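Only one structure is covered here, and it is reproduced in the block below.
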Amino acid sequence: MTDLTATEPQAAAPGRAAPGQGVAITGLVKTFGSQPVLRGVDIDIPPGSVTAVLGSSGSGKTTLLRMLAGFEYPDAGTITIGGRLMNGPGRHVAPQDRQVGYVPQEGCLFPHLDVAANVGFGLPRAARRSRVPEMLLN
């Protein structure tokens, strides 16, 4: 397995919150049976930033994101979002209480529909014509 690790956290840029006020992951460990998947992952994501998780197949990307969303429990380490501890010793905040969105990579798209129809599928029929173009452009 490949370790997912980040570089040392940077000091906050002017106008940004100090490190730890966005998403802070410290010492995150996860194993499945005897197979280690994440080994001491440390990541500090400033608020308002865009971050990509890259790695080879089986390196723990999905496991990391599932733990961030609250779907998996880490074996060790902490996850803090917006200064609020989500996972840590004796603490697990339920997924619905984290305000984290998660779209799995095997999202249930309808292969017989085009992009616009897939995006608008869950909207009321009357709202589709105006909302879908707005959603696709933003």
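A short reminder: the numbers here are calculations on the coordinates, not readings from a lab. As the structure is a computational prediction, the values presented were derived from the model and not from experiment. For neighbour counting, all protein chains shown are included, and Cβ atoms are generated from backbone atoms with ideal geometry for every residue, glycine included.
Here are some notes:
- Rounded to the nearest 20 debye, dipole of segment 23-97 from Cβ charges on Lys, Arg, Asp, Glu: 80
- Model label points for Thr51 and Gln99, set 7 angstrom from Cα along the Cα-to-Cβ axis, are 1.7 nm apart.
- Summing Cβ point charges (Lys, Arg +1; Asp, Glu -1) relative to the Cα centre of segment 71-133 gives a dipole of roughly 440 debye.
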